[in-house]
Amino acid sequence: MLSQLKLVTGLVALSAITVVVLVARSPGDNPPKQQSSVVPEIVAPPEQLPHQALPAGSSSPRTRQLSPALEGPIAGIPPEDPDSWKHAVGYSGPFFNPDSNDGRVVVLEQTVTTDAGPTWGALGLVRNQTDSSISITGLKATLLDAEHREVGTVAASLPISYLRSGEPGPFVATSLLPTSSVASVRWEATYSIGGDATLQSRSYDLQTSWDRPYGTRERVEGPPFHDPQLPPFPYLLLGSIRNIGTSADTEVQVIGAWLDDHNRVVHIERLPIRPFSDYLHDHAQVSLAQAQAADFAYANGDSILGPRLTNAELALWGVGR
């Protein structure tokens, strides 16, 4: 699982006050909240974007509308669960909850998946529960044995370090320690308040056009996908990212995280982008002019991971400069 991860490095290096938060801290021990002078706009009018044509036999497009105020799929009607799926500017998925603010940056324990391999590793989501945008400068896992003694520490990698208030972000942690020696984990985050808005852009609309399951199904042939001649066929995903900001952006990337039906992260990957000017080739990042769009196209033929992705919920992040 972890060996297939393609990580991107953090895009922001900020000089600001660094705050350390332990997941186990009680709310009464929190440092005073600080306001940031940079508040990224995450409000957009509802709009429906066009999608690529569906291949024969595929499911209906998974089309979402931008929530005008992060209130849920229908403006003005909050979802029953504040952590439920939302379609915000620059993010599409669960656990974006501005009402969760308690001044902390926390690992969402319910999303953490521990690697079943011989060495310890984990995937999950960390959420910014402060009232400001932040840049996460570090996420450390302290590994404890059954006697609550420290057996090692691990620095997690974060494909997206810049998170808005209430926003979750994916992380991956790997180690050489035997899985059997780790009984529990204590997470510790360090972060900087605010940020330089000129170094980050999150003004994107992310859409999933269609996906196809792993296994036996109708074969897909034609750009951007070319299934093998015989099944099992790979899991396929096609979607789009569009720049809905006010200026051209560079280094635009799409990060995906798949969550199972228990909200545990099973896979994290940077998705290949197919700009319309070079649709036959994958790009790790692209430039997008104002209102310009590009597709992202992903295939996974792994016999273990492919079926898990087929039945998982997809979270998407768009980030650029």
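The values are calculated or read from the model by the stated rules, or taken from the named source; none is laboratory data. All values derive from a computational prediction rather than experimental measurement. Glycine gets a Cβ as well: all are built from the backbone with ideal geometry, and neighbour counts include every protein chain shown.
No other residue among Val107, Val89 is in contact with a Gly (Cβ under 8 Å, 6 or more places away or on another chain), closer than 25 Å to Tyr191 by Cα and at pLDDT 50 or above apart from Val107. The residues of the stretch 134-174 that are hydroxyl-bearing (Ser, Thr, Tyr) and part of a strand (DSSP E or B), listed by number, are Ser135, Thr137, Thr142, Thr153, Ser157, Tyr162, Thr174. Would you call Ala299 in contact with a strand residue (DSSP E or B) (Cβ under 6 Å, 6 or more places away or on another chain), closer than 16 Å to Pro170 by Cβ and surrounded by 18 or more Cβ atoms within 10 Å (Cβ to Cβ)? Here the answer is no, as Ala299 does not meet what is asked. Within the stretch 213-229, the set of residues being in a strand (DSSP E or B) and either surrounded by fewer than 18 Cβ atoms within 10 Å (Cβ to Cβ) or free of Cβ contacts under 8 Å to residues at least 12 places away in the same chain (or both) comprises Gly215, Glu221, Gly222, His226. Residues that are free of Cβ contacts under 8 Å to residues at least 60 places away in the same chain and among the β-branched types (Val, Ile, Thr) were ranked within the stretch 152-188; the one that is surrounded by the fewest Cβ atoms within 10 Å (Cβ to Cβ) is Thr153. All of (1) without any contact (Cβ under 8 Å) to a residue 60 or more places away in the chain; (2) among the hydrophobic types (A, V, I, L, M, F, W, C); (3) not in a loop (DSSP other than H, G, I, E, B) hold for Trp210 with one exception: (1). Residues of the stretch 138-156 include none that is modelled with pLDDT under 95, of a type in the set (S, T, N, Q) and within 22 Å of Thr190 (Cα to Cα).
Looking across the stretch 235-278, the residues that are among the polar types (S, T, N, Q), within 20 Å of Gln292 (Cα to Cα) and either in a strand (DSSP E or B) or touching a helix residue (DSSP H, G or I) at 6+ places or on another chain (Cβ under 9 Å) (or both) come down to Ser240, Asn243, Thr250, Gln253.
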